[in-house]
Amino acid sequence: MAEQGALHVCATPIGNLGDVTLRVLDALRDADVIAAEDTRVTRKLLSRYDIHTPLVAYHEHNSAEQTPRLLQRLAAGERIALVSDAGTPGISDPGARLVDACLAAGLHVDVLPGPSAIITALVASGLPTDAFYFGGFLPRKAGERSRALQALASLDATLVFYESPRRTAQTLDALAAAFPGRDGAMARELTKVHQEVVRGTIDEVARDVRDRELKGEVVVLVGPPLAEAAPVDERAIREAVDRRVGGGASRKDAIRETAAELGVARNTVYRIATERPDVPTSGTR
Ligand code: SAM
């Protein structure tokens, strides 16, 4: 009986050839064939690690014909390693189709985790990571893009998008228009020599990038909606400051202690304590 074949989905570096796991190197070495999005790109990785497994192309333009061929080989007991140009196959590349077809055919799929530009950019951005939404590539047409962004407006999560360097400035402008004032970031050439992460409000990031000719690979990110400022109880602030000053504290200490006690920014306490509430003027009738 033929040995059970398996598709080994192998994550590969997104720039730095050192970012590859030992399991992935073993899988690439032991496979009968490697299905690669771009065989020239994968050859560089293989030559760095002295791996001589044969390659077959599996990309956007031949996946329809290649999928049944690869399924046949798997059914015959072959081990196939699937790699994309960079990162984790299946994330914004045709790998997901092959995985789906294998699962539908009852074939074994084994995912070997490793780099992906989403996670690298998210962590490098410094934006909240507890909830995030990955939107792949945004639509290119302005109307569709703006509708896609509006649909995400109330999502309480960091938004992550892939983008080409040519369209990055336009996309950042669209993000700044849709989400003014939010934090944002642009991460470029991650793990490579010219790695760059621009951070700031999304408006600042858009301004920074607007007149530059960007090169390389880019991820753009926007932080979650800004938290609504909690209403400040001005009377409680004045009373707390007056109480402390009445008890002998200096005005500066009274402001500092009140800010800590009520969890309000010190400059807000200062402003409220030094401004007096409007004194109602007498009626004109
Ligand atoms: N499968 C890949 C992954 O797991 O990240 C993504 C493939 S997608 C076709 C390619 C996009 O990923 C690029 O256009 C860019 O947005 C992003 N990307 C890949 N490598 C990157 C890097 N080193 N720095 C920044 N973005 C990168």
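The values are calculated or read from the model by the stated rules, or taken from the named source; none is laboratory data. The structure displayed is predicted, hence computed values, not measured ones. Neighbour counts are summed over all protein chains in view; Cβ atoms, including those assigned to glycine, are modelled from backbone coordinates with ideal geometry. Side chains included, ligands, DNA and RNA excluded: accessible areas come from the protein's heavy atoms. Shrake-Rupley method; radii C 1.70, N 1.55, O 1.52, S 1.80 Å.
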Partners for Lys44 among lysines (Cα-Cα distance below 23 Å; same-chain residues under 8 apart left out): Lys192, Lys215
Degrees separating the helix 63-75 axis from the principal Cα axis of the chain, which is the longest one: 60 degrees
Computed accessible area, His59, all protein chains, 1.4 angstrom probe, square angstrom: 50 Å²
Amide hydrogen neighbours beyond the local backbone of His108, cut-off 5 Å, H modeled: Leu7
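If each residue of separation counts as 0.36 nm, what is the full-extension length gain between His194 and Ala76 once their alpha-carbon separation is subtracted?
Values: separation 118, 0.36 × 118 = 42.48 nm, distance 4.47 nm.
Gain on stretching His194 to Ala76: 38.0 nm.
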In nm, spacing of pseudo-spin labels at Val56 and Thr21 (7 Å Cα→C-beta vector): 2.5 nm
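Order of 70-79, 48-57 by packing, highest average Cβ count within 10 Å first?
Details: 70-79: 17.2, 48-57: 13.2.
The most tightly packed comes first, giving 70-79, 48-57.
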For region 82-99, 3J(HN,Hα) per residue [Karplus equation, 6.51 cos²θ - 1.76 cosθ + 1.60, θ = phi - 60°, Hz, x = Gly/Pro]: 10, 10, 10, 4, 7, x, 8, x, x, 9, 6, 8, x, x, 4, 5, 5, 4
Asp211-Lys141 FRET efficiency (beta carbon distance; Förster radius 25 Å; 0.05 resolution): 0.60
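In the chain, what percentage of the DSSP-assigned beta bridges are antiparallel, given to the nearest 5?
Details: 17 of 37 bridges.
Bridges in the chain are about 45 percent antiparallel.
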Per-selection metrics, the chain (Cα): Rg and Dmax in Å: 27.7, 104
Built amide H within the under 5 Å cut-off of Tyr133, gap 5+: Thr158, Leu159, Val160
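Sorted by mean Cβ packing within 10 Å, highest first, what order do the peptides 24-32, 215-223 take? Before the final figure, lay out each step's value.
Working: 24-32: 18.9, 215-223: 22.2.
Averaged packing, sorted descending, gives the order 215-223, 24-32.
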Farthest toward positive dipole pole in the chain [+1 Lys/Arg, -1 Asp/Glu at C-beta], among Gly5, Tyr162, Val209: Val209
Carbon/sulfur fraction of accessible area - region 6-115, other protein chains in place, 1.4 Å, %: 52 percent
